[in-house]
Each structure stands twice: as structure tokens, then as C-alpha cells.
Amino acid sequence: MATATDQVVGFGLVAFSALLFVYYTLWIIALPFIDSDHSIHQYFLPREYAVLIPVVAGLLLLLFIGIFITVVMWKNRKPAKKSD
């Protein structure tokens, strides 16, 4: 059974993810149909970052996965047998 702290942390992560999803969806899908002189554009980054941020995040994720696999394999390697 999850403790109260686990539930609060889980709720926070879900809320953050939902907020990020709504922000990114509005930024990518809705914003191009709104006039560029509208005041809502001040709350969003330039459109170039819409591609750059996910690419960098994906590359960092792959880097950390690779580092994790390397460390686990390095720690679990067996010493070579000596044959006389």
C-alpha cells in the first residue's frame, strides 16, 4: 500500500506531466492559428524550441540509458578464469 508521501509525489508528477502536455499541445497545435501580435504569444518560447527541446531531451535520455547499462554490465562482469 502506498504511503501518503508516495501518493502526494505521484499526484505531483501526474499534475506536472498533464500541465506540460497541455502547454506543449497549445504551443504546437493551437498557437499557429492565433495572430502573431496577440498577447498570448508572450507566454510561449519561439517555435524553433518546439523541436530542439524534445531532441535534446531524447538524446540525454539515450545517453543516461547507455551510461546505466555500461555501469551495470561493468559491475556484473565475471573475472576471467586462469587456465594453467
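The values are calculated or read from the model by the stated rules, or taken from the named source; none is laboratory data. A quick note: this is a predicted structure, and the numbers were derived from the prediction, not measured. Note: accessible area is taken over every heavy atom of the protein model, side chains too, but ligands, DNA and RNA are not part of it. Shrake-Rupley method; radii C 1.70, N 1.55, O 1.52, S 1.80 Å.
Which residues, counting only those in the stretch 21-43, are of a type outside the set (S, T, N, Q), part of a helix (DSSP H, G or I) and open to solvent by less than 100 Å² (accessible area, probe 1.4 Å)?
The answer is 22, 23, 24, 26, 27, 28, 30, 31, 32, 40, 41.
What about residue 15, is it open to solvent by less than 100 Å² (accessible area, probe 1.4 Å) and outside any helix (DSSP H, G or I)?
no
For the stretch 56-84, enumerate the residues that are among the charged types (D, E, K, R) and assigned to a loop (DSSP other than H, G, I, E, B).
77, 78, 81, 82, 84
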